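So the structure is just underneath, and the comments pick up after that.
The values are calculated or read from the model by the stated rules, or taken from the named source; none is laboratory data. It should be emphasised that the depicted structure is a prediction, and the values quoted were computed from it without experimental measurement. All Cβ positions, even for glycine, are placed from backbone atoms using ideal geometry, and neighbour counts span all protein chains on display.
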């Protein structure tokens, strides 16, 4: 049975991620007491906010 994601969310699957990067991300997330998912979401949001401030991306909602 397939798992249905919560309303307003989606799912991505990534392939061919270097194992060393996966290991380092996992260690960094653990160091901050976060899940890998939460750690990566935080990184992505910070980068997007930076690009919005620079005017490279339009401001989000």
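Summary table below
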{"quantity": "Cross-chain or 6+ apart pairs with Cβ under 8 Å, segment 26-46 first and at negative phi and surrounded by 13 or more Cβ atoms within 10 Å (Cβ to Cβ), then modelled with pLDDT of 95 or more and not in a helix (DSSP H, G or I)", "calculated": "29/35; 39/32; 42/34"}
{"quantity": "Selection count, segment 8-25, where residues are closer than 17 Å to residue 44 by Cβ and either outside any helix (DSSP H, G or I) or touching a residue at least 12 places away in the same chain (Cβ under 8 Å) (or both)", "calculated": "9"}
